[in-house]
Amino acid sequence: MASLPNIFSRLVRARAAAWMLLALAAPAMLSGCRLGTADAAMKGRDLFETCAACHGQLGEGNPEFGAPNIAGMQSWYVESQLKKFRSGARGAHFSDVEGMRMRPMAMSLDSDEAVHTVAEFVGKLSAVTTPPTIGGDAAAGDSAYHLACAACHGPNGEGNEALKAPRLTGVADWYLALQLRKIKGGIRGSSPLDIEGRLMSAFARRLADEEAIRNVVAYLDTLKP
């Protein structure tokens with residue numbers, strides 16, 4: 001039977017060997033973490049190819065397809081909207097032509113992980129802004145925006161994740177106007193599954209008419225992303 005000093009000595013040597021192995025393995029473990037991140041980015045790029053057909057390779061958008069410029073949009077918002085399209089909370093209304101076109105694209109993402117991965121990729125793209133295409137009275141839009149929109153979307157249109165309100169600055173004006181019309185008309189945001197959309201509809205109705213919509217969008221065009 002080994003003496004206590006010998007047992008203690010063996011334990012010390014075993015612990016030293018374990019620390020040595022850990023030290024040798026650490027670089028490989030860190031390399032693995034970096035590889036995982038690289039793999040996620042590559043997968044996000046691959047998944048984005050489905051999106052690029054309409055939104056463009058840079059996420060710059062294409063009004064011909066009703067596809068907004070999504071590059072640099074907050075990833076949490078992109079993820080939430082993709083999930084809404086997949087569940088039918090958005091894009092199921094028969095009058096939402098663009099939404100119905102988008103829904104099968106979102107449904108081609110076969111898991112929540114895929115949705116998250118492509119949303120993260122979109123969020124890391126450099127924002128691409130587009131020149132204004134809609135005329136309006138920005139001064140009047142300033143007042144209307146701070147009355148109806150700023151409480152959730154922020155005083156500068158920067159968005160608020162806690163309130164699930166996306167950034168509005170830098171988003172193509174034609175798309176913002178289109179979505180406001182849809183929300184006012186019950187084409188978007190009427191599904192009981194779309195909690196934020198239903199909340200938004202109450203604020204959108206504060207914009208009395210097309211002129212008011214154009215004015216708010218014109219004001220947002222004066223703000224920097």
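The values are calculated or read from the model by the stated rules, or taken from the named source; none is laboratory data. This one's a predicted model, so the numbers in the text were calculated from it and none came from an experiment. Heads up, the Cβs are rebuilt from the backbone with ideal geometry, glycines too, and the neighbour counts pull from every protein chain shown.
Here is a check on your reading of the model: is Ile134 part of a loop (DSSP other than H, G, I, E, B), at pLDDT 95 or above and closer than 20 Å to Ala172 by Cα? Give the steps one after another, and end with the answer.
Values: part of a loop (DSSP other than H, G, I, E, B): yes; at pLDDT 95 or above: no; closer than 20 Å to Ala172 by Cα: yes.
Taking the combined requirement at face value, the residue does not satisfy it.
Condition first: closer than 26 Å to Glu64 by Cα and aromatic (Phe, Trp, Tyr). Now tell me which residues in segment 172-206 satisfy that.
Residues satisfying the conditions are Trp174, Tyr175.
Residues that are touching a residue at least 24 places away in the same chain (Cβ under 8 Å) and in contact with a Cys (Cβ under 6 Å, 6 or more places away or on another chain): does segment 66-84 have at least one?
Yes; the residues of segment 66-84 include at least one that is touching a residue at least 24 places away in the same chain (Cβ under 8 Å) and in contact with a Cys (Cβ under 6 Å, 6 or more places away or on another chain).
Inside segment 89-101, can you point out the residues that are surrounded by fewer than 17 Cβ atoms within 10 Å (Cβ to Cβ) and within 19 Å of Val118 (Cα to Cα)? Before you say what the answer is, go through the steps one by one.
Initial filter on segment 89-101 (surrounded by fewer than 17 Cβ atoms within 10 Å (Cβ to Cβ)): 94-95, 97, 100-101.
Residue satisfying the conditions is Arg101 alone.
With respect to Glu113, determine if the residue is outside the structural domain of Gly189 (by TED's automatic domain parsing), within 30 Å of Thr37 (Cα to Cα), free of Cβ contacts under 8 Å to residues at least 40 places away in the same chain and of a type outside the set (Ser, Thr, Tyr). Give the derivation first.
Details: outside the structural domain of Gly189 (by TED's automatic domain parsing): yes; within 30 Å of Thr37 (Cα to Cα): yes; free of Cβ contacts under 8 Å to residues at least 40 places away in the same chain: yes; of a type outside the set (Ser, Thr, Tyr): yes.
Answer is yes for this residue.
For segment 107-120, give me each residue that is part of a helix (DSSP H, G or I) and surrounded by fewer than 21 Cβ atoms within 10 Å (Cβ to Cβ). Show your work before the answer.
Step one: list which residues in segment 107-120 are part of a helix (DSSP H, G or I), which gives 107, 112-120.
Hits for segment 107-120 are Met107, Asp112, Glu113, Ala114, His116, Glu120.
May I ask you to verify whether Val118 is in contact (Cβ under 8 Å) with a residue 12 or more places away in the chain and under 28 Å from Arg45 (Cβ atoms)? If you could, list the steps in order and put the result at the bottom.
Details: in contact (Cβ under 8 Å) with a residue 12 or more places away in the chain: yes; under 28 Å from Arg45 (Cβ atoms): yes.
Considered against the rule, which asks whether it is in contact (Cβ under 8 Å) with a residue 12 or more places away in the chain and under 28 Å from Arg45 (Cβ atoms), Val118 comes out as yes.
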